[in-house]
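Visitor: Before we start, here is the structure in question, set down as structure tokens.
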Amino acid sequence: MVDQPEFGDERQNAHTLRIVDSAERDQRFERATELFDGLHARNVSVVALTWVDNSGITRTKSVPLRRLAHAAAHGVGASPVFDVFLFDDWIIQGRFAGGPVGDLRLHPDLDRLTVLAGQPGWAWAPADRHFQSGVPYPMDQRLQARKAVRTLAEQGLTARAGFEIEWCVGKTGTEDWVPATSGSAYGHARQVELSDYCVDLLNALDQQDVEVLQFHPEYAPGQFEISTTPEDPVAAADTAVLVKETVRAVTIRHGLRPSFSPKVVNGGVGNGGHLHLSLWRDGTNLFDGFQDEARRFSAGVLTHLRALCAIGCPSLASYLRLVPNTWAAPFVAWGEENRETALRLVRDNLEIKCFDLTANPYLVVAGVIAAGLDGIATGAGLPEGLNVDPALLGDVQRLPTSLKEAVDEFEEDAVLTEAFGRELAGTIADVRRGEMERYKDASPQGIANITRWRH
Ligand code: GLU
Ligand code: MG
């Protein structure tokens, strides 16, 4: 077993990257066995184990409930080739991944096992990927997020995070985009038209212990948004997956279809996947009063933000969204309650507004923490905040305007590539370049069309 420090926080103790050795296997087997009766009583017959790949798609393998204990102990086999899947299931050959050889094991995180209210008979658990030997797989995205949280903890810091989930509800029976409601932006009519749908969704989340802070109809046709309570960053990424899949399940049961794409229709307002994050030391939120360390953390995020776009705005469709005047916040700047600067300082936390939901949320929290910690380590200074629309100033630097620009910056960013490790960083870049190559002749609307229903 890897030697691990004590962090005095239950969740962070869970972020030890354990080798699943025989003692650990026994423990996991026993734990899952204990869970059996409760799950059976709640009519669970299948457990979905999910992980999110480098192109932001939630992939899965499932086991019958009776097989859960075996899966917990020994994992479920999955090829490492998934690391080079594109969002459209095209497979590339990467420098560090690809090809038919190899096997990893998906180990469900039993702490996060959830009975799915939107899919009767199903439970879900996010999985960590290990080698067959039980050694953690260095390219696993969730383990990467755990590692980042552990690095924070080693410096006496903790973070609380939450993703805002935006999506547009469309009609089925057409690949084209037809919104399911004609209600106005922020209009109560939209909630009236889809009243049962909205209630079923909020009930499902409640039954799954997802604490919703707010729900509202957003700006774009058929668009809604949900924000959830702040939690440990890995848990927040898990919650992002769970909320998306719950939205999907409930939407489909209502005969409708959700799009989480950054740009459902080219030229319209997109779907964001904003990340909120606060930083804590000794029980104090350093964003309360925007204390020095929080400023330096924010400065680190700002410094690395153009490179971080390869993680948080990772698809071709991301760059259809990242334009001024749609509150996608495409400027390298921060501002108090400014909705067009990439970083918006909210009362007690930092919102990174430029990210979208084609991103892998585990990579997002890992990347942001690495960037912020670099800001603290280097004593990075934060420029003046902006209290105007950056577009009016004319000289505020933009975030990348293409995926290529973002990936080039990412590969040159020593802090991020070191944090992710050469193999994972290289594979992320390979996947992005694979997407660029495959759709190099696609029009903006063509890109919106192929991305619309994928994530
Ligand atoms: N839908 C906008 C986006 O693309 C965000 C709107 C908001 O500020 O919540 O990120
Ligand atoms: Mg919003």
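Visitor: Just wondering, is there one or more residues in segment 382-394 that are of a type outside the set (D, E, K, R), modelled with pLDDT of 95 or more and within 16 Å of ligand 2 (Cβ to nearest atom)?
Guide: Step one: of segment 382-394, the residues of a type outside the set (D, E, K, R) are 382-383, 385-388, 390-394.
Filter once more, keeping what is modelled with pLDDT of 95 or more: 382-383, 385-388, 390-393.
Going one step further and asking which of them are within 16 Å of ligand 2 (Cβ to nearest atom), we end up with none.
So far as segment 382-394 goes, no, none of its residues is of a type outside the set (D, E, K, R), modelled with pLDDT of 95 or more and within 16 Å of ligand 2 (Cβ to nearest atom).
Visitor: Moving on. When you look at VAL20, is it surrounded by 14 or more Cβ atoms within 10 Å (Cβ to Cβ) and over 24 Å from the mean Cα position of the chain (by Cα), yes or no? If you could, list the steps in order and put the result at the bottom.
Guide: On the way: surrounded by 14 or more Cβ atoms within 10 Å (Cβ to Cβ): yes; over 24 Å from the mean Cα position of the chain (by Cα): yes.
Yes.
Visitor: Residues that are of a type in the set (Val, Ile, Thr): list the strands (runs of 3 or more DSSP E) wholly contained in segment 208-311 that include at least 2 such residues.
Guide: On the way: elements: 212-217, 223-228, 256-259, 275-281.
Once the strands (runs of 3 or more DSSP E) in segment 208-311 are filtered for at least 2 residues that are of a type in the set (Val, Ile, Thr), what remains is 223-228.
Visitor: While we're on this one: Please work out which residue is nearest to ligand 1 (Cβ to nearest atom), limiting yourself to segment 205-233 and to residues that are farther than 20 Å from THR251 by Cβ and either surrounded by 16 or more Cβ atoms within 10 Å (Cβ to Cβ) or at pLDDT below 95 (or both).
Guide: Pass one, segment 205-233, residues farther than 20 Å from THR251 by Cβ: 209, 211, 213, 229-233.
Checking the rest, the ones that are also either surrounded by 16 or more Cβ atoms within 10 Å (Cβ to Cβ) or at pLDDT below 95 (or both) come to 230-233.
Working: PRO230: 17, GLU231: 20, ASP232: 24, PRO233: 20 Å.
Result: PRO230.
Visitor: Out of the residues in segment 337-391 that are within 13 Å of ligand 1 (Cβ to nearest atom) and either of a type in the set (S, T, N, Q) or over 26 Å from SER402 (Cβ atoms) (or both), which is nearest to the chain's Cα centre (by Cα)?
Guide: Among those that are within 13 Å of ligand 1 (Cβ to nearest atom) and either of a type in the set (S, T, N, Q) or over 26 Å from SER402 (Cβ atoms) (or both), it is THR358.
Visitor: Same structure, new question: Looking only at segment 354-389, count every residue that is part of a loop (DSSP other than H, G, I, E, B) and either buried (at least 24 other Cβ atoms within 10 Å of the Cβ) or in contact with a Leu (Cβ under 6 Å, 6 or more places away or on another chain) (or both) and tell me the total. Before you say what the answer is, go through the steps one by one.
Guide: We begin by selecting, within segment 354-389, every residue part of a loop (DSSP other than H, G, I, E, B); these are 354-360, 379-389.
The next check asks that each one be either buried (at least 24 other Cβ atoms within 10 Å of the Cβ) or in contact with a Leu (Cβ under 6 Å, 6 or more places away or on another chain) (or both); those that pass are 354-360.
Residues flagged as part of a loop (DSSP other than H, G, I, E, B) and either buried (at least 24 other Cβ atoms within 10 Å of the Cβ) or in contact with a Leu (Cβ under 6 Å, 6 or more places away or on another chain) (or both) within segment 354-389 amount to 7.
Visitor: Restricting attention to segment 171-197, which residues are more than 16 Å from ligand 2 (Cβ to nearest atom) and farther than 24 Å from ASN266 by Cβ?
Guide: HIS188, ALA189, VAL192, GLU193, LEU194, SER195, ASP196, TYR197
Visitor: Something else about it: Select from segment 247-289 the residues that are among the hydroxyl-bearing types (Ser, Thr, Tyr) and more than 30 Å from THR174 (Cα to Cα) and write down the one among them that is nearest to ligand 1 (Cβ to nearest atom). Write out each step before concluding.
Guide: In the first step, residues of segment 247-289 are kept if they are among the hydroxyl-bearing types (Ser, Thr, Tyr); the result is 251, 259, 261, 278, 284.
Retained after the next criterion (residues that are more than 30 Å from THR174 (Cα to Cα)): 278, 284.
Values: SER278: 18, THR284: 28 Å.
Result: SER278.
Visitor: Return the only residue of SER184, SER259, SER195, SER227 being in contact with a helix residue (DSSP H, G or I) (Cβ under 8 Å, 6 or more places away or on another chain) and among the hydroxyl-bearing types (Ser, Thr, Tyr).
Guide: SER184
Visitor: Say whether the condition of being part of a strand (DSSP E or B) and without any contact (Cβ under 8 Å) to a residue 60 or more places away in the chain is met by at least one residue in segment 146-157.
Guide: Here is the first cut: in segment 146-157, the ones part of a strand (DSSP E or B) are 157.
Restricting the remaining residues to those that are without any contact (Cβ under 8 Å) to a residue 60 or more places away in the chain gives none.
Looking for residues that are part of a strand (DSSP E or B) and without any contact (Cβ under 8 Å) to a residue 60 or more places away in the chain, one finds none in segment 146-157, hence no.
The values are calculated or read from the model by the stated rules, or taken from the named source; none is laboratory data. Since the model is a prediction, treat every value here as computed from it, not as a measurement. Note: ideal-geometry Cβ built from the backbone for every residue, glycine included; neighbour counts use all protein chains shown.
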